[in-house]
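Have a look at the structure that comes next, please.
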Amino acid sequence: MNIGDYGEVSFTLRKKRKVPIDGDWYITTGFILRGEIADIDNNNVLIIDNDGMIYIPRKKDIRSFEPKERIKNQ
């Protein structure tokens, strides 16, 4: 996975709860989407999907990346 790569990415995002439920401090949401890797730093990856939405998962929360060919709009 490098900057500029396009493909299908599977990852989770975590958000901290104000009050833990059964000792769990985080809400975890899974995503599978197609998008472009816009930037990578030491801990995070910036992903922009086909609709222009921005996602910033931690590197360790990315489950898989499968390169795909871009489909050009007509």
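Considering only the range 54-65, state which residues are touching a strand residue (DSSP E or B) at 6+ places or on another chain (Cβ under 9 Å) and loosely packed, with under 15 Cβ neighbours inside 10 Å.
Result: 54, 56, 58, 59, 63, 64.
Could you identify the single residue in 68, 72, 16 that is surrounded by 10 or more Cβ atoms within 10 Å (Cβ to Cβ), basic (Lys, Arg) and out of contact with any His (no Cβ under 9 Å at 6 or more places or on another chain)?
Step by step, each of 68, 72, 16 is checked, and only 68 is surrounded by 10 or more Cβ atoms within 10 Å (Cβ to Cβ), basic (Lys, Arg) and out of contact with any His (no Cβ under 9 Å at 6 or more places or on another chain).
Select from the range 43-53 the residues that are at pLDDT below 95 and surrounded by 13 or more Cβ atoms within 10 Å (Cβ to Cβ) and write down the one among them that is farthest from residue 70 (Cα to Cα).
Once the filter is applied, the top-ranked residue is 49.
I want to confirm something. Restricting to the range 19-42 and keeping residues that are at pLDDT below 90 and part of a strand (DSSP E or B), which single residue is surrounded by the fewest Cβ atoms within 10 Å (Cβ to Cβ)?
Looking at residues that are at pLDDT below 90 and part of a strand (DSSP E or B), I get 19.
The values are calculated or read from the model by the stated rules, or taken from the named source; none is laboratory data. Not measured: the values here are computed from a predicted model. Note that we place each Cβ from the backbone using ideal geometry, even for glycine, and neighbour counts take in every protein chain shown.
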